[in-house]
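A quick write-up on the structure given underneath.
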C-alpha cells in the first residue's frame with residue numbers, strides 16, 4: 001500500500017509542476033537510455049518518466065503564398081509508467097501542447113490527459129486493463145509516438161481515440177495477440193458533439209467496442225495490426241471502422257501501410273461537417289471516409305535517417321438531401337519528407353528538417369453547388385525531437 005501511495009504522489013506532483021489537444025511505440029531500434037541515472041530504491045525501481053517533446057520553427061504557406069513563421073512546441077507529453085507489483089502496472093500521460101481543458105468530458109478527466117490506466121496480468125498470456133487508454137485501432141499511424149508524426153491523416157488528426165473503458169488482451173500463440181476493448185464512444189458530452197443535429201437523441205449506453213489482432217511473421221520482419229470497431233454514437237446512430245495496419249521491417253528500413261474505411265451515421269470525424277460550415281455540435285449524417293497511409297523510414301548512415309510519408313483521404317456524404325448529388329465531396333492528398341540527424345541515439349534525440357504538404361481536390365458537385373475550391377497548404381519545419389527518458 002505504501003508503494004502505491006508513493007507512486008500516486010509522484011504522479012500528482014509531476015502534474016502540478018507542469019502547466020496544462022497518439023502505450024505508443026518509439027521509432028528507434030535502440031532502447032532509449034535514461035537522461036538521469038538514479039538509485040530509485042525500493043519503491044521507485046520500476047517507475048519511469050518520459051518527456052515526449054518536439055520543438056520547431058514552423059513556416060506556413062497557403063496556395064504557395066507565405067503566411068507566417070514562428071517557433072512552437074508542437075508536441076509535449078509527459079508520461080509516467082511503472083510496475084506496482086509483478087502483475088500490476090500503470091501508465092499516466094498528460095498533454096501540454098495543443099491541450100483542451102474543457103469540462104464537458106464523459107469520463108470526468110481533463111481532456112488533455114491521454115492515458116491513465118492500470119493493467120493486471122491475470123496470467124502470463126492474459127491481461128486486463130482499466131482506465132483511459134488508446135483505442136485499439138489497427139493502425140501504425142495511431143500507435144507511433146506522436147513526436148515522430150509531423151502530420152496525420154484525417155481520422156487520427158480529428159479523431160477522438162483516447163477513451164475510458166476496459167480491455168482484455170490474450171496472447172493465443174507466440175507473436176499472435178488478440179484484444180477486445182469496450183470504451184465510451186466519445187470523450188466529450190453528447191450535447192457538445194451532436195446536440196444541435198436535427199432529429200438526433202442521446203443514447204442510453206454510448207459505448208464502443210473493438211476487436212484487434214496483432215501478428216508477427218518471418219522472425220518479426222512482417223507484422224499485422226488489424227481491427228474492427230463499432231461505436232454507438234447516439235440513439236440508432238452508429239460508427240463502423242475497419243482498420244488494417246501492416247509493417248515490413250529490415251535492419252535499416254521500416255515500411256508501414258494503413259488502410260481505414262469508416263461509415264458514420266453521425267459525422268464523428270467531423271471533416272465533412274466542417275467543410276459544410278456547420279456548428280461544432282451540428283453534424284452531417286451518413287458520411288464515409290476511406291484512407292490510405294504509407295510511411296518509410298530509412299537509415300542510410302549510422303546517425304542519418306530519412307522519413308517519407310504519403311496519405312490520401314476520400315470523403316463521401318451519402319446523407320446529402322440533394323438526391324441528384326454525387327456523394328463524393330473531397331479527396332485530400334498529403335506528403336511529408338524529413339531528413340533527420342540523430343545527435344544522441346541512446347537518448348533518441350535528433351535534429352530534423354521536414355516538409356509537410358496537403359492538397360485538397362473537391363468534386364465538381366462540391367465546387368458548383370457548395371462553392372468549394374481546390375487549395376493546398378504547406379509547412380517547413382526545422383527543429384529538435386526526443387522522447388527523453390528522464391529516469
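Overview of values
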quantity	calculated
Per residue Cα convex hull volume in Å³ - calculated over the range 227-290	99 Å³
Relative contact order of the range 226-327, pairs being alpha-carbon contacts under 8 Å that are 6 or more residues apart, as %	22 percent
Potential lengthening between residue 292 and residue 211 on full extension [0.36 nm per residue; Cα-Cα distance subtracted]	27.1 nm
Length released on extending from residue 201 to residue 369, taking residue separation times 0.36 nm less the Cα-Cα span	57.5 nm
Descending semi-axes in Å of the range 138-237, equivalent ellipsoid built from Cα gyration tensor	31, 18, 10
Efficiency of FRET between residue 325 and residue 224 - r from beta-carbon atoms, R0 41 angstrom, step 0.05	0.65
Two-site FRET efficiency, residue 180 against residue 62, from Cβ-Cβ distance with R₀ of 56 Å, rounded to 0.05	0.80
Ordering of 58-66, 378-386, 283-291 by packing [mean C-beta count within 10 Å, highest first]	283-291, 378-386, 58-66
Computed label-point distance, nm, for sites residue 128 and residue 250 using a 7 Å Cα→Cβ extension	4.5 nm
Per-pair calculated FRET efficiency, R0 = 30 Å: residue 158 and residue 72 via Cβ, rounded to 0.05	0.95
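No lab work stands behind these numbers, since they all come straight from the coordinates. Remember, it's a predicted structure, so these values are computed and weren't measured experimentally. When we count neighbours, we look across all protein chains shown, and the Cβ atoms used for this are built from the backbone with ideal geometry, even at glycine.
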